[in-house]
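> For reference, the structure I am asking about is given below.
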Amino acid sequence: MSVDEIFLYLYDQSQDSLTPLLYKTEESLQNFKAIEKIVERVLKLNQVEVIDDIQNDQDYLNQPSKIRSLLCYSLTVQNSIIGVLGLAHYQVKHFDSSDLNLFPPSPAK
């Protein structure tokens, strides 16, 4: 599988906030501003999610971004959510349901 961007947000439970920890470039960080609400949703729902076109997603923030398709996974350790891992591509519908097999099922809340 090819990706254009990869990111890791860590979740601080005490402050209920997400902090970008891993990203490719400063431009990447700007691209991620458009998807922050999507990342928050994945965290809140503790799930893995494939989005064909972020511009058609209800949580897309209308900001400039090269990202079009997205695969996000909430990360858990001992049933505690610690962050969100994301893979992004500049092409619409780059990821599909078979890509979900890369990640173990998220534990139930």
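A short reminder: the numbers here are calculations on the coordinates, not readings from a lab. Everything numeric here is computed off the predicted structure, so don't read it as measured data. FYI the Cβ positions are ideal-geometry reconstructions off the backbone, even for glycines, and counts take in every protein chain you see.
> What list of ³J(HN,Hα) values in whole Hz, one per residue of segment 48-64 in order, does the Karplus curve 6.51 cos²θ - 1.76 cosθ + 1.60 (θ = phi - 60°) give from phi, with Gly and Pro shown as x?
10, 9, 10, 10, 5, 8, 4, 5, 9, 8, 4, 9, 5, 8, 5, 10, x
> Kindly state, to the nearest 0.05, the FRET efficiency for E36 paired with K66, given R0 = 25 Å and r defined as their beta-carbon distance. Don't skip to the answer; put the middle values down first.
Details: r = 16 Å, r/R0 = 0.62.
The calculated FRET efficiency here is 0.95.
> State which entries of K24/K44; K24/K66; K44/K93 exceed 19 angstrom in Cα-Cα distance in the structure shown.
K24/K44; K44/K93
> Still on this structure: Based solely on its DSSP helices, what 222 nm [θ] is calculated for the chain when runs of n ≥ 4 H residues each add -39,500 (n - 2.57) and the sum is averaged over all residues, nearest 500 deg cm²/dmol?
-4500 deg cm²/dmol
> With a point put 7 Å past each Cα toward its Cβ, work out how far D53 is from V3 in nm, to one decimal.
For the pair D53/V3, the computed spacing is 2.3 nm.
> What FRET efficiency would be calculated for the residue pair N79, D99, taking the C-beta separation as r and a Förster radius of 30 Å, to the nearest 0.05? Write out the running numbers ahead of the final one.
Values: r = 24 Å, r/R0 = 0.82.
Efficiency for this residue pair is about 0.75.
> Which residues' amide hydrogens lie under 5 Å from the amide hydrogen of L22, considering only partners 5 or more residues apart or on another chain, with H built in the peptide plane?
So L22 has HN proximity to L8.
> Picking from M1, S14, H89, whose Cα lies most toward the positive end of the charge dipole for the chain (charges on Cβ: Lys, Arg +1; Asp, Glu -1)?
S14
> Same structure, new question: Taking a cut-off of 18 Å between Cα atoms, list the aspartates and glutamates near K37, but don't count ones fewer than 8 places away on the same chain.
K37 reaches E5, D12, D16, E49, D52, D53, D57, D59.
> Starting at 0 and stepping by 5 Å, how many percent of the alpha carbon pairs of segment 5-98 end up in each bin?
3, 15, 27, 27, 18, 8, 3, 0
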